[in-house]
Structure formats: C-alpha cells, structure tokens
Amino acid sequence: MPSPSAATRTTPETDAPGALPAGTSASSRLLLPLIALCTAVTAANIYLAAPLLPLIAQDFRSTPSAVAWLASVAQFGYAAGLLFFAPLGDSVNRRRLVAVLSLVAAAALVAGAASGGTGMLAGAVLVASAATVVPQLLVPLVAERAPADRRARHVAAVIAGLFTGVVAARVLGGLVGQAFGWRVVFVGAAALTVVLGLATAYVLPVERRRLQGPLFAGLAALPGVLRHSPDLWRACVRQAGMYGAWSALWTSLALLLAGDDGYGMTTAAAGLFGLFGLAASVVAPLAGGFVDRFGAARVVRSAYLLAAVSVPLFWLGGQVMAALCAAAVLVHAALVASHVANQTLALTTTSAPATANTAYVVAGFAGGALASALAGPAFGHWGWPGVCAVAAAWLVLGWAATAVRKR
C-alpha cells in the first residue's frame, strides 16, 4: 500500500488516478479478497431482518406479515445511504469513510438488538442500512484499478462476495436466531461489521481527492450524469426491475416457508433454504467472463429470460417444494448475471464512476424496496400468488426499459 508521499513519485503506476498500488506488499495482495469479504458482511446487514421476521413477530407479540415492512425499511435505508454517502467516493478518501460508516452501522445494530418494539427496531435498521454502503464505495475502486479486459471479472468477484453475504444472512441468521434468539444475530453482525470494516479501511490505498468543490458535489451532479448517459439510465431501470422482482420473492419467502398456511418450517429450516442463493456466487465469475466476451446487453437479455422462467416456478412452488428450489436457483442466477452486466456498464460509462454507481445502485434498491413494500400486503391479501404477481409486474417494467433501443 503506497504511503501518503507516493503522490510525489513520477512513475506512471503511481501517477495514474486508477493505478494499482506499487509493489506486492501484504496489504496489496489482501486488498481484493478483503474487499470481497467485507462486502459479504456488510451486505448481510441489509437482509438481516428478513429471515428473522417470525422470531421478531413472536417476541413483539405480533404476526410475521405485520412486521414484514421491516425488510422494506432496510432497503429504503440502504438506498438513502447510497444517495448521500456513495458519491463521496469521488470526493473524499475512502479509508476514513469506510471506517466511520462501519462504526455507525455496528452501533445501530447493537441498538436494534436492545430495542423493545418495532418502532425502535425500525429506526435502528434504517440507520444501520444507511451506513451499510461500504460495498458500493469499494466496487468503483476495484473497477478502476482492474485491467480493461478483466474489469467485469474483478467486479464479479466483489459481487460474488455481496451475494454470499445475502445467503449468509438467511442461513446463519436463521440458524443462530432459532438457537439463541434474533437479538444475538444483530449483536454478532455488529461485531463482524466493526472488525472487517476497520481491517478493510486499513489496507485501502491512500488516494488523492479527484473532485473539487463542495463535499456533496457528486450528489448534486447525479441528475446531469443520468441525463447525459442513456446507457447509465437504461442500466438503472433494468436493474430496478430485476432487483424488484427478486426482492419481492426473497424477502417474503420466510412468510411462505414458516407460515401455517405454507410449509410450516422452523426459522432454522427456512433459513437453510437460503443455500440455494449460493448459485449467485457461482454465476458471478461466469457472468463477468460473458460480459467481457459478449457485452452487457446480451447478458442482461439472457438474465431476464431466466427470471421470466423463475416466476411461474415460484408460483408453483407455493405447493411443490421442488419447483420452489429450482426457482430459487434460477432467480439468483438471473439477478447476479444482470447485476454484473449492468454495474460494469454503469462504472465505465462516465468519468465519475462513484457518482454513476450511486445512481445505479440507488435505482436498484429503490425498485427492490418498493417491491418489498408491496409484497407484504400482497401476501396478506392474496397469499403467495400475490407476491409472484408483484415480481412479474416488476420484470415487465424492467424488460420494457430494456427493449428501448438507442436512436
């Protein structure tokens, strides 16, 4: 890892804004693996409440469908955090920002563990999710430092870590929550967030500020960046549709698996269903190679085809477990392939990658949060078919945007 004085050197490697750190120090070698691991842990925080909804409802003497909105709170909080914090990657040094946000997220998780009602828990989840934007501060760093012919594969490595965290949140959260209670899960997540967040901040390279002007200049520049980049705008809307479909299904799945009208599983057994999400970690590096070879547009079209097949399988999975398992694999493969393609495009389509990445991820999570917010009432009124209908509607909206061609 270069020292602060590295900016005064005259070699091309150290003068280039996106150059890799000089040398082969332990910090340099650990950078990408540690970023992927930190991404996994911080991403898990967003979905921490979803597999624990039956336990939270029991603790607060409510019903799972009545507390399902907590999953939407987490996603809205993450979108808000992205809007305000992620653009700072172009304006401030990431090391300090990663450290501060990790501490804030951990403190909020501890407060959530100590909450005595859904209102206080929702506030803690909102703050924790807003501070859990570390992955999107680090993805632009990985993209700009990767060789051009392997950029999508490097981005895919971080995305694989992100989805591994989503799987861990469901599987480990369900198991630990069933054994020790949901509050222990929140405390454990806080401890991991602090350790890995501070470790990642330590190994990050020292950077020079690239954008001058007000601290939130990147946020102010968002409308202009979207207006002048049709490719970025399309990537945003495409991923909002895909992520909304996945989010409606995945955040509501615990209601089907653990509900009396569904499969009646325990929280631990329902959490193990998240192992099917490991398909995302397998598909991510493959998708990165396909994007580098065939281009983003073709990969996104293929991803939407997979997702379109998964929705009727999810509907059938309300009664047939085998269909539900197959659908879980397909929808994760579709989501991660689309995400790798669209995010690679977003990171390379403008001269302000952190700002462009903010627009992209905010759009995706806003679509996911809105779909999750509708999925809870849909489940309460129409059961699992209502959730599948919400997912199908989001795919139709996303595909309509995908089908629009350049003039």
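The values are calculated or read from the model by the stated rules, or taken from the named source; none is laboratory data. Everything quoted here is computed from the prediction, not taken from an experiment. For neighbour counting, all protein chains shown are included, and Cβ atoms are generated from backbone atoms with ideal geometry for every residue, glycine included.
Of note:
- 2 or more residues within 18 Å of the chain's Cα centre (by Cα) and over 29 Å from residue 337 (Cα atoms): qualifying helices (runs of 4 or more DSSP H) within the range 94-173: 94-113
- Filter pass, residue 191 being at pLDDT 80 or above and in a helix (DSSP H, G or I): yes
- Residue in the range 47-55 that is in a helix (DSSP H, G or I), modelled with pLDDT of 75 or more, under 30 Å from residue 222 (Cα atoms) and out of contact with any Asp or Glu (no Cβ under 6 Å at 6 or more places or on another chain) present: no
- Conditions (1) closer than 20 Å to residue 240 by Cβ; (2) in a helix (DSSP H, G or I): number failed by residue 350: (2)
- Meets criteria (among the aliphatic types (A, V, I, L, M), at pLDDT below 95, in contact with a Pro (Cβ under 9 Å, 6 or more places away or on another chain) and crowded, with 24+ Cβ neighbours inside 10 Å) for residue 346: yes
- The conditions of being of a type in the set (S, T, N, Q), within 29 Å of residue 68 (Cα to Cα) and within 16 Å of the chain's Cα centre (by Cα) are met by residue 251.
- Residue check for residue 210: buried (at least 23 other Cβ atoms within 10 Å of the Cβ), of a type outside the set (Phe, Trp, Tyr) and modelled with pLDDT under 85: no
- Residue count for the range 312-327, restricted to those that are surrounded by fewer than 20 Cβ atoms within 10 Å (Cβ to Cβ) and under 23 Å from the mean Cα position of the chain (by Cα): 2
- Subset of the range 60-77 [of a type in the set (A, V, I, L, M) and part of a helix (DSSP H, G or I)]: 66, 70, 71, 73, 74
- Considering 380, 386, the condition of being in a helix (DSSP H, G or I), touching a helix residue (DSSP H, G or I) at 6+ places or on another chain (Cβ under 9 Å), without any contact (Cβ under 8 Å) to a residue 40 or more places away in the chain and among the small types (Gly, Ala, Ser) is satisfied by 386 alone.
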